[in-house]
Amino acid sequence: MAELILVRLTLFLVAFFALRRLLPVVIRRPQRWHGLIALAVATLLAFVVTALLLDDSMGESLLAWALITLAIAIIWFVRWKTLDYERTMRRRHEPADQPIPIEPAPDP
């Protein structure tokens, strides 16, 4: 079990950091969900390759991958909505910028 986790973690880190470097090249303006997709692809690669290398059940590996990815996606979605809500509430409570009166320059 420990070797399974170690191989998955190693493969995940390799795939994730490779995708992380590749993402700005492929996508001009990355958004939040692009990171989630990169995470899902990296974990999918790790789970599939580990299942093939260690003769683990592919069905169980894919089920574990789907559950883990779904849990991470839900956590990130809630976090993003919370951050957006806090930003909206902060803007409502900040005083509106009032224009600064411009004084005419003194005549020489």
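Some points to look at:
- Rounded, prolate or oblate (a/c below 1.5 giving rounded, otherwise prolate when a/b exceeds b/c) for segment 2-84 by Cα gyration tensor: oblate
- Order by protection proxy (mean Cβ within 10 Å, highest first), peptides 79-85, 47-53: 47-53, 79-85
- Size of electric dipole in the chain: Cβ of Lys, Arg +1 and of Asp, Glu -1, about Cα centre, debye, nearest 20: 180
- Net length gained if the chain between Thr88 and Arg32 were fully extended (0.36 nm per residue, minus Cα distance): 18.4 nm
- The mean sequence distance of close C-alpha pairs (under 8 Å, at least 6 residues apart), as a share of the length of the chain, puts its relative contact order at 24 percent.
- Peptides 54-65, 31-42 ordered by average Cβ neighbours within 10 Å, highest first: 31-42, 54-65
- Helix 32-53 vs. the chain, principal-axis angle (Cα, 0 to 90°, nearest 10): 10
Laboratory data are not the source of any read-out in this text; all were calculated from the coordinates shown. This structure is a prediction, so every number in the text was calculated from the model and none was measured. Glycine gets a Cβ as well: all are built from the backbone with ideal geometry, and neighbour counts include every protein chain shown.
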